[in-house]
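**Student:** The structure's right below; bear with me while I get my questions together.
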């Protein structure tokens, strides 16, 4: 079998901020109405607590994001997805839930640099000055859905795989040297 | 002659000369000049021609209200029409050309309209071109359109880039004059996040020109202290060159930042459109001076008094050696004093008021300027520039008492607060008799969600025209002289750009126009690119007078965004070229590009239509792909197919409601074709459903239906059946899906190896998990072509590699990729329907002979009740049948089946239409499906389809299964 290839194969661009497509990254969409079993399953899967509304809990290379009142996004190394899916199935057996591997359905970008927020402020109606640590926004980048959060001194942006090229184009356009907002 | 003064000019840098051209003529200016200042400094008083009469036009104003001095700026890929010279910053190499003239600005043929002016009154176009009716579309409109429009539309793509940006604040202050600066500081003091927008490149508004002191300090010192104060605050953002264009509900404001208009080609975005969300808007947008209506007030050299002052103080530009000032208020006296101080002559100040005693008039008298109270201008002398004025009594009818030679006229008819932004969302105005202007009514502002005022006006925008806080008295002077006869009124311009005169508005009133909105459109008053910033109040005052009504009763026209024009480029922002719209690519997209695929849009996806080879037409390529798939094996990228997981204890019940058939009874490991309808019963989507485990199903949808159907499922689950235990997940993009189709399909998969795909282990309409060629996959044995067919889903990250592996393994078996058109032909040969071809939102499954896919046993499903309605249950509906043309030709796309007679509109009656029509390379003839009245009972009948060229194509009605009726090929 070949190695998994991310949508843009790690494309990058350096403007007034740095743009990198990263991945492939393991992602599991987990739907569940909540409760002790969910808390335990998430802890076992990615080592975090259940995130509160609009939050993301990050622990090393793993994370769990709140996506809706009954939907969570588990983030983990790509290679661990299979085992984690099996573990979730076991942990939540008998519970009404749905766990879907969406690792390949997404493209993930890192936007880094002192003015990284200015790149995103051109594309998303998000008040970055008030974006809290550990806050996850499900918003949009220009015309497509995008989720984003601050992490490691930059931002992680997630979009659908099929529009990775479009989003890369947006980020390159927005990070052009000389177009800083402040 | 207008010229540059030897001294002064607070905004220009005399050490930084810049060169620019106007109509090819080289001119010199300084850094800091506006283009208008640069033109005047070079004695270019004639800058354009008016719209209708092609009258000579000069610079009137000094700001965004300028109606006349619009130019084509730049050239080729940087050509921008209708650019206001007064707000265009001068830069080295700027190229401007004047507009609306032919063959030249100095000698313009269109000016003949001027001499015919009496034949082109208000509503001229409506009156003249109404008969004969067909002439409007074919004769009049094209001619008028060619004559219309001031600037040249660019013919090349825009060389510049644009972008949007989002911003958030508690208080947005618009306008950085004294009032705006104070408001920003006050808001910042409370800790609020403040954004301060200023359309000019500098702070200060009118104060540096009009006021010596602010809060007891010299104005320049006060300004620099304020600027430093705001700059030092973290919670204040000041944006220069940024014009708030529109205010919308919920504190949403659009603002246009002219980032690089003055530095073209430096790589920065030309404009940036700010999309600001604020809790409160404070408009400190100042006031705009009004012209006076006297005969000849449009001759180049007649300017607003404030503008004359601006040009003199800011840019050291003299409008001429001798300037006559004409006014109804004190502010214009400042202009006289400024000019006098600059060593220029002011032969007279003509003041319409009888008694004038204010401090400024006294200062003027003291400076030795002759002040004529109760006087007016009877007419301005000159053609392409002012040569003098005839003076008369304001109270009279224009008998000339005196003639004064001059080069310029500085006029002031009072000041109108800029209430545009306040009014965009419904803020109401009151008429203020003291200053003869509309001012915001603080009791009726536009509201926020909580009932608080969304927009507050401060300073001159609120009617506080003087920094002292004492409102000046500005009496109404709408016509000069008040008893002017028609001969003079015919020469009194209200709207300079659109050539609307006092006489036009009065004529409209006589013809019965009472509403200001109707009068505006009939006369075109205020409909030019300046949107009546100078003309509106004067125009409605004339209308009120003509109607014998009061101004408040007549009211204003509606203020709509944008305040000043925003270019399409700024509105489009980043959305151009490669990122004009999102383009969805499958994991195999690049491989298809390398293979020379010709793509077609499917929603936002781009799918290969066909893979043409050298020398092939697309049609030939499609035929080759179809034949190869039927005889060898074809590969289709089916990744775009929608894939939705539905799971939970109630999932079976849920799917039984969504689909017309029964999905709950589908055994694990098997597949079933299903139809979805909307509540009306109309067919909405179709696809194959696979039962994954006891409580999990995977629903395939059409490519364009994936998001819609997922939303549809969630809608029912969240809003109607919220207590059902069902979860869904749209996993469309998780998988790359490859259809391996044709007699050699199994051999190809066996070459890849890894799992048993034999007929026994994996029969038709079943699925299995496994590996092929080392790729983890799920294989569905389903067919949309009638051939032996497998659809193989692999994780998208392996999609490109798997496609390559299939291509490689297929070489020995004659594998070729095929595109969407081949897919269509293959399915049509088998009589399979396509959502969007056989359906159009008015078709129910029963129309398509799909009764077999509708459960008779189920109590309910979405659409069942709708389908029972008499019209949908009628036996007279058009129903799906197949057609074979008698001559083997292909029925034209979209053709109707004609019936006898004509309808009430004289159109031929119809009895059906084609839904799919192709040349079948397999059968070597045209085949078609279509809807025909009583179709299934008319087998063997011959019907006629109309054609685009005229005439008809005869076709025989038959069943829809053109190929392999018994399904032997797919079931091997």
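**Student:** Would the stretch B:399-541 count as rounded, prolate or oblate if I go by the C-alpha gyration tensor, calling it rounded below 1.5 in a/c and otherwise prolate when a/b exceeds b/c, oblate otherwise?
**Tutor:** Working: a/c = 2.42, a/b = 1.47, b/c = 1.64.
Cα axes put the stretch B:399-541 in the oblate bin.
**Student:** Okay, moving on. Ignore the peptide's own chain and count Cβ atoms of other chains within 10 Å of each Cβ in A:67-79; give me the average, rounded. List each step's numbers first, then the result.
**Tutor:** On the way: counts 0, 2, 1, 2, 2, 0, 0, 0, 0, 0, 0, 2, 0.
For peptide A:67-79, the averaged partner shielding equals 1.
**Student:** Ok, one more. Where a ≥ b ≥ c are the square roots of the eigenvalues of the C-alpha gyration tensor, would you call the stretch B:538-694 rounded, which needs a/c under 1.5, or, failing that, prolate if a/b is larger than b/c, or oblate?
**Tutor:** Values: a/c = 3.56, a/b = 1.73, b/c = 2.05.
Verdict is oblate for the stretch B:538-694.
**Student:** While we're looking at this one, here's another question. If r is the Cβ-Cβ distance from residue B:138 to residue B:948 and R0 is 35 Å, what FRET efficiency results, to the nearest 0.05? Intermediate results must be reported in sequence, preceding the final value.
**Tutor:** Numbers: r = 23 Å, r/R0 = 0.66.
Step by step, r from the Cβ atoms, then E = 0.90.
**Student:** Translational diffusion coefficient of the protein assembly as shown at 37 °C, 0.692 mPa s, Stokes-Einstein with Kirkwood Rh over Cα pairs, in µm²/s as a whole number. Let's see the in-between values first.
**Tutor:** Numbers: Rh = 34.8 Å.
Calculated translational D: 94 µm²/s.
**Student:** Summing -39500 (n - 2.57) over the DSSP H runs of n ≥ 4 in chain B and dividing by its residue number, what mean residue ellipticity at 222 nm do you reach, to the nearest 500 deg cm²/dmol?
**Tutor:** Numbers: 26 runs with 205 residues, N = 972.
Per the formula, -5500 deg cm²/dmol.
**Student:** Starting from the Cα of residue B:616, step 7 Å along the direction of its Cβ; do the same at residue B:486; then give the gap between the two resulting points in nm.
**Tutor:** 7.8 nm
**Student:** In whole Å, how far is the Cα centre of the stretch B:710-748 from that of the stretch A:111-177?
**Tutor:** Their Cα centres are 29 Å away from one another.
**Student:** Compute the distance in nm between two label points, each set 7 Å from the Cα along the Cα-to-Cβ direction, one at residue B:870 and one at residue B:549.
**Tutor:** About 5.2 nm, to one decimal.
**Student:** What list do you get for B:625, B:220 if you sort them by fewest beta carbons within 10 Å?
**Tutor:** Values: B:625 27, B:220 14.
Least crowded to most crowded, the residues run B:220, B:625.
**Student:** Let me confirm one metric for peptide B:161-174, namely the mean number of other chain beta-carbon atoms within 10 Å of its residues' beta-carbons.
**Tutor:** Numbers: counts 3, 1, 8, 6, 7, 11, 6, 7, 2, 0, 0, 0, 0, 0.
Partner Cβ neighbours, averaged per residue: 4.
**Student:** Shifting gears a bit: Taking the Cα centre of each part, how many Å lie between the stretch B:811-855 and the stretch B:922-972?
**Tutor:** 14 Å
**Student:** Could I ask something else about it? Would you mind getting me the FRET efficiency between residue B:250 and residue B:43? Use the beta-carbon distance for r and R0 = 51 Å, nearest 0.05.
**Tutor:** Numbers: r = 50 Å, r/R0 = 0.99.
Given R0 = 51 Å and the Cβ-Cβ separation, E is 0.50.
**Student:** Also: So if I take the centroid of the Cα atoms in the stretch B:295-340 and the same for the stretch B:71-91, what is the distance between those two points in Å?
**Tutor:** Taking the Cα centre of each part, the stretch B:295-340 and the stretch B:71-91 sit 25 Å apart.
**Student:** Pull out a ≥ b ≥ c, the square roots of the eigenvalues of the alpha-carbon gyration tensor of the stretch B:871-936, then state rounded if a/c is under 1.5, prolate if not and a/b is larger than b/c, and oblate in the remaining case. Each step should come with its number before you reach the end.
**Tutor:** Values: a/c = 2.88, a/b = 1.58, b/c = 1.82.
Oblate is the answer for the stretch B:871-936, as a/c is 1.5 or above yet b/c matches or exceeds a/b.
**Student:** Sticking with this one: If neighbour count is taken as other Cβ atoms inside 10 Å, put B:321, B:189 in order from fewest to most. The partial results should precede the final answer.
**Tutor:** Numbers: B:321 17, B:189 11.
Ranked by crowding around the Cβ, least crowded first: B:189, B:321.
**Student:** Say a paramagnetic label sat at a point 7 Å from the Cα of residue B:581, along Cα to Cβ; which residues of the stretch B:732-748 have their backbone N under 12 Å from it?
**Tutor:** none
**Student:** Also: Let me know the mean shielding of B:574-582 by other chains, meaning the per-residue number of their Cβ atoms within 10 Å of its Cβ. Could you put the intermediate results ahead of the total?
**Tutor:** Values: counts 9, 4, 1, 2, 7, 11, 3, 4, 14.
Mean partner shielding for this stretch: 6.
**Student:** Just rank B:677, A:64, fewest to most, by other beta-carbon atoms within 10 angstrom.
**Tutor:** Working: B:677 23, A:64 27.
Lowest to highest Cβ neighbour count: B:677, A:64.
**Student:** Using alpha-carbon pairs under 8 Å, 6+ residues apart, how would you state the relative contact order of the stretch A:12-174 in percent? Walk me through the intermediate numbers first.
**Tutor:** On the way: 330 pairs, mean separation 41.3, N = 163.
Once divided by the residue count of the stretch A:12-174, the mean separation gives 25 percent.
Values in this text are rule-based calculations from the coordinates and carry no lab data. In this text, all values refer to a predicted model and were calculated from it rather than measured experimentally. Please note: Cβ atoms are built from the backbone with ideal geometry, for glycine as well, and neighbour counts cover all protein chains shown.
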